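Presented below is the structure to which this report refers.
Values quoted throughout were computed directly from the atomic coordinates according to the rules given, and no laboratory measurement underlies them. The structure displayed is predicted, hence computed values, not measured ones. Here Cβ is always computed from backbone atoms with ideal geometry, including for glycine, and neighbour counts include all displayed protein chains.
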Amino acid sequence: MNFVGSLFRSSIGRKILMAITGLILIGFVIGHLVGNLQVFQDPDHINGYAQFLRQLGPLLWVARIVLLVCVVIHIWAATVLTLENKAARGPEPYAVKHTIRATLASRTMRLTGYVVLAFVLYHLAHFTWGAAQKDTFKDNLKHYTMQHEYRFAGFPVVNAGTEVDDVHSMVILGFQNAVVSGFYIVAVGLLSFHLLHGFDSMFQTLGVRSSRWSAGLRTVALAFCLVYFVGNLAIPGAVLLGKLQPRTASVAAAQR
Amino acid sequence: MVAENTSSPISITLRVWRQAGPKQPGKFVDYQSANLNPNMSFLEMLDVVNDELTTKGEEPIAFAHDCREGICGTCSATINGKPHGPGVGIATCQVYMRSFRDGDIVTVEPFRARPFPVIKDLITDRSAFDQIQQAGGFITARAGSAPDANATPIPKGDADLAMDAATCIGCGACVAACKNASAMLFVAAKVSHLGLLPQGQAERDRRVLSMVQKMDELGFGNCTNFYECSAACPKLISHDFIARMNRDYLKAVIRSGLSPESVSVGGSA
C-alpha cells in the first residue's frame, strides 16, 4: 500500500496525522507565546520582533502555509474520525452512560476544539487582518521608531532608527477591551485544556508512551499546560490590571 | 457499590433490554427479583429470573454464557453502563449479587457496537472479531513433530509481555466500553502477542496491516486515548499494547511503501 495513502485512509494513519500536525501546532503556540511575552519588555523588543518576522518575506509565507496545512489536516482528520466514531456505536445508544476513567479533558476535545478554532479566527482578524477592532490595528497607529537595534538569536536584524509598526501599542490597546480580553483568556484556558489531552495522546499515538513513564509524562503535560496558560494569561491580565500601558506618543494620538 | 459480604437476601429491580430478533425493535422491561442470595452470581440470578419467566409462560431473557469462570469470553452484558458490570478485571460471570444493594435498579444492556449486532436480548454477534483474527492473527509454523522445548530462546520479559497480551479472551468488552466503539485494544493484544515472539516475526508487518485494515472495514471506531477499554477489560490488558500497535503499524507502513523489493522474476509458471 502507498505510504502517504495509508496515512490518510486508515484509522491509525489518520491518528498519526492528528499527532504530527498537533505536534507542529504545539511547537507554534510555544514559539508564539515566547515571542509575545516580549511585550513586557521595552517596545523595541516586540516591535523589532514583528518587523523581523515581516522581513522574512517568502519564508514567513512558507511558515504560514505549513501552519495552515497542519490546521486543515488536524480538523479534517478530527472530523472524519469523529463521524466514524459516532457511526460505530450502532443504532441504539447505551441507556446508562458510564465513564470509568476517561478524563474530562479527553472527553471534551471536540468542544474545546470548536472554541479554539473560533478564537484563532478572531485572533487573526484582530491582529493580522485588521478586520476586528480596526481603530487600534497597527496600520492605523503611528509608526514606531526603533530606539535600539533588535537582535534575534544574537544577530542584528532590525536597525535602530527604523520606522516599524507599533505592535506593542496595538496589543495593549486591543486588550484594554475587557470583553476581548475575557474571550481571549477563556479561549487560551480551553486551548491549554485541549493540549492537556493532546500532549499526552500524541505520545500514545506515535507509539512511544508506556505505563513505565506515563505518570511522569502526565505530570509534564500538566506542568506544560499550566505554564502555557499562565504565560498567555499574563498579557491580557497585565493590561486589564493597568500594569502594561502604551508608552509611545503615537498612542496618545490614536486614543484621542 | 460493593456491599458488605452478607447472607441476608436482597431484592432488585432488573431493567433488561428485550429484543426478539436482529431486525426487531427492542425495549427495556423491568422485572422484580426478590429474595436473592447475595452470594449467587449475576448469571445465576438471571437463571432464577428466567425460571420464573418460564413458569409464567413468558419468553426467558436470552444471554450469552459458557464457562462461567471468566476464561471463555462468552458472557457479555453491560451492567449499569459498564461492560461486565461492577468490579475490576472480571467478566460478567464473576459478578456476585452482593455487589448490589437491596432495592437497586440494575440496568442490563447488550454490548453496543455497530459491528456487534444484537441477535436476541443480551446476545450480540461478535464474529467481527473472528474476521479480524482471520485477517492476520496467526503464524506460519512448521508442521510435524513437536519442536525441542528450548530451541528458540525468548527473553523472559518478552515472554511475560506476550502472555499478558495473550490473556485476551476476545469478549468485546473493550469495544463495548470505548466511547467510540473502537476495537483497538483487542487488535493490539492480538498483534502484540505474536509480534513480541520470534515465531511471529515472519508475518509481523503483514499482520498489523491486514488486521487494522479489516478492523477499519468492519466499521469499528477510532481510538481517542480515553483508556476506558483497558479499565473494562476482564483481563486488564494494558493500553500500552495500543501504543505498541501504533508503532508497529507506522513501521510496517513505511517498510511496505519504501523498503526495497527483490527484482528477481521466475517461477509462478
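Neighbouring Cβ atoms from other chains, within 10 Å of the Cβ of residues in B:176-184, number 5 on average. Note on A:A160 and B:V263: their simple-model spin labels are 6.6 nm apart, each label 7 Å out from Cα toward Cβ. For A:T136, A:T103, the sequence from fewest to most other C-beta atoms within 10 Å is A:T103, A:T136. In this entry, the stretch B:1-156 is assigned a mean projected area of 13.9 nm², taken as a quarter of its C-alpha convex hull surface.
Here the relative contact order of chain A, from alpha carbon pairs under 8 Å that lie six or more residues apart, stands at 25 percent. Based on the Stokes-Einstein relation at 10 °C and a viscosity of 1.306 mPa s, and on the Kirkwood radius from alpha carbon pairs, chain B is assigned a translational diffusion coefficient of 77 µm²/s. What the phi angles of the stretch A:217-230 give under the Karplus curve with 6.51, -1.76 and 1.60, with θ = phi - 60°, is a coupling list of 4, 4, 5, 4, 4, 5, 5, 4, 5, 5, 5, 4, 5, 4 Hz, glycine and proline written as x.
Taking every residue in B:246-256 and counting other chain Cβ atoms within 10 Å of its Cβ, the average works out to 5.
A cut-off of 5 Å between modelled amide H atoms, ignoring neighbours fewer than 5 places along the same chain, links B:I119 with B:T124, B:D125.
Highest GNM mean-square fluctuation among B:C72, B:C178, B:C93, for chain B modelled with Cα contacts below 10 Å: B:C72. Under the combined filter of DSSP loop state and at most 14 neighbouring Cβ atoms within 10 Å, the stretch A:99-191 retains these trypsin sites (Lys or Arg not before Pro): A:R101. With the cut-off at under 19 Å, measuring from each backbone N in the stretch A:34-55 to a point 7 Å along the Cα-to-Cβ line of A:A223 picks out A:34. The value of relative contact order for chain B, using C-alpha pairs under 8 Å at least six residues apart, is 19 percent. With the helix formula -39500 (n - 2.57) applied to DSSP H stretches of n ≥ 4, the protein assembly as shown reaches a computed 222 nm mean residue ellipticity of -16000 deg cm²/dmol. Each peptide among B:242-248, A:5-11, A:201-207 gets the average number of other Cβ atoms lying within 10 Å of its residues, and from highest to lowest they stand as B:242-248, A:201-207, A:5-11.
Take each residue of peptide A:204-212, count the partner chain Cβ atoms within 10 Å of its Cβ, and average: the result is 6. Amide H to amide H, with H built 1.01 Å from N, B:T107 comes under 5 Å of B:R15, B:N80, counting only residues 5 or more places away or on other chains.
Each 10 Å bin, from zero up to the one with the longest distance, holds this percent of the alpha carbon pairs of the stretch B:127-258: 13, 43, 33, 10, 1. Taking one quarter of the surface of the C-alpha convex hull of the protein assembly as shown gives a mean projected area of 35.7 nm².
Grouping the Cα pair distances of the stretch A:163-256 into 10 Å bins from zero gives a pair-distance distribution of 15, 33, 23, 16, 10, 3, 0 percent in increasing distance order.
The distance between label points at A:H32 and B:A20 comes to 5.8 nm (points 7 Å beyond Cα on the Cα→Cβ vector).
Rounded to whole numbers, the Karplus 3J(HN,Hα) couplings from phi for the stretch B:254-266 are 5, 5, 5, x, 10, 6, x, 10, 5, 9, 5, 10, x Hz, using 6.51 cos²θ - 1.76 cosθ + 1.60 with θ = phi - 60°, and x at Gly and Pro. Restricting the stretch B:1-70 to trypsin sites (Lys or Arg not before Pro) that sit in a DSSP loop and have at most 14 other Cβ atoms within 10 Å of their own Cβ leaves B:K23, B:K56. Normalised by the number of residues in the stretch B:127-258, the mean separation of alpha-carbon contacts (under 8 Å, six or more apart) gives a relative contact order of 33 percent. Spherically averaged projected area of the convex hull of Cα atoms, the stretch A:114-179: 5.8 nm². The HN-Hα couplings worked out from phi for the stretch B:165-182 by the Karplus form 6.51 cos²θ - 1.76 cosθ + 1.60 (θ = phi - 60°) are 5, 6, 6, 4, 9, x, 7, x, 5, 4, 5, 5, 7, 5, 5, 10, 6, 8 Hz, whole numbers, x standing for Gly and Pro. Which pairs break 19 Å Cα to Cα here: B:K27/B:K235; A:K15/B:K179; B:K23/B:K82; A:K15/B:K251; A:K97/B:K82? Checking Cα-Cα distances, B:K27/B:K235; B:K23/B:K82 exceed 19 Å. Treating each Cα of the stretch B:21-101 as one equal point scatterer and applying the Debye formula with no solvent, the log10 of I(q)/I(0) at q = 0.12, 0.16, 0.20 Å⁻¹ comes out as -0.37, -0.67, -1.03.
Between B:R18 and B:K27, B:F28, B:V29, the built amide H atoms are under 5 Å apart, and every one of these is 5 or more places off in sequence or on another chain.
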